[in-house]
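Student: Starting off with a structure, shown below.
The values are calculated or read from the model by the stated rules, or taken from the named source; none is laboratory data. This structure is a prediction, so every number in the text was calculated from the model and none was measured. Ideal geometry is used to build each Cβ from the backbone, glycine not excepted, and the neighbour counts take in all protein chains shown.
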Amino acid sequence: MSLQDQFAQAQIDSKNLPERPDNMTLLKIYSLYKQGTSGDATGERPGFTDMIGRAKYDAWAALKGTSQEDAMQQYVDLIEELKDQ
């Protein structure tokens with residue numbers, strides 16, 4: 001199975017995890033997904049009144065320089081790990 005196929009399957013699997021991950025893990029899932037699909041963070045950082053948007057942007061921006069393929073593989077690995085809990 002190609003990395004693209006594994007990534008697509010992990011996206012499906014992420015919606016059917018046995019339990020909801022904690023907020024830090026959710027941010028990691030989000031940031032790896034964004035890095036894997038869009039590359040480095042773009043656009044303006046949300047203002048301080050948008051705490052959730054700001055946290056999501058910061059998590060994504062922290063992955064700057066990570067290749068899309070590496071981010072996809074890390075995403076697949078993380079979802080697999082969460083499925084086995």
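Student: Take the conditions modelled with pLDDT of 95 or more, over 13 Å from the mean Cα position of the chain (by Cα) and exposed (fewer than 10 other Cβ atoms within 10 Å of the Cβ) and apply them to Asp22. Does it pass? Give the steps one after another, and end with the answer.
Tutor: Working: modelled with pLDDT of 95 or more: yes; over 13 Å from the mean Cα position of the chain (by Cα): yes; exposed (fewer than 10 other Cβ atoms within 10 Å of the Cβ): yes.
In short, yes.
Student: Being more than 21 Å from Gln85 (Cβ to Cβ) and in contact with a helix residue (DSSP H, G or I) (Cβ under 7 Å, 6 or more places away or on another chain) narrows it down to one of Leu63, Leu17, so name that one. If you could, list the steps in order and put the result at the bottom.
Tutor: Numbers: Leu17 fails: more than 21 Å from Gln85 (Cβ to Cβ).
The conditions single out Leu63.
Student: Pull out all pairs, ordered by first then second residue, where Cβ-Cβ is under 8 Å, the residues are six or more apart or on different chains, the first lies in the stretch 26-54 and is more than 19 Å from Asp77 (Cβ to Cβ), and the second is of a type in the set (D, E, K, R) and part of a loop (DSSP other than H, G, I, E, B).
Tutor: Once the first residue is more than 19 Å from Asp77 (Cβ to Cβ) and sits in the stretch 26-54, its partners that are of a type in the set (D, E, K, R) and part of a loop (DSSP other than H, G, I, E, B) give Asp40/Lys64; Ala41/Lys64; Arg54/Arg45.
Student: Of the residues in the stretch 55-85, how many are without any contact (Cβ under 8 Å) to a residue 60 or more places away in the chain, exposed (fewer than 14 other Cβ atoms within 10 Å of the Cβ) and acidic (Asp, Glu)?
Tutor: Qualifying residue count for the region: 3.
Student: Here's something else I'd like to know. If I filter the stretch 29-85 down to residues being in a helix (DSSP H, G or I) and of a type in the set (Ser, Thr, Tyr), which single residue comes out as farthest from Ser2 (Cα to Cα)?
Tutor: Going residue by residue through the stretch 29-85, those that are in a helix (DSSP H, G or I) are 29-38, 51-61, 68-83.
Keeping just the survivors that are of a type in the set (Ser, Thr, Tyr) gives 30-31, 33, 37-38, 57, 75.
Working: Tyr30: 21, Ser31: 21, Tyr33: 17, Thr37: 15, Ser38: 19, Tyr57: 28, Tyr75: 14 Å.
In this case the residue turns out to be Tyr57.
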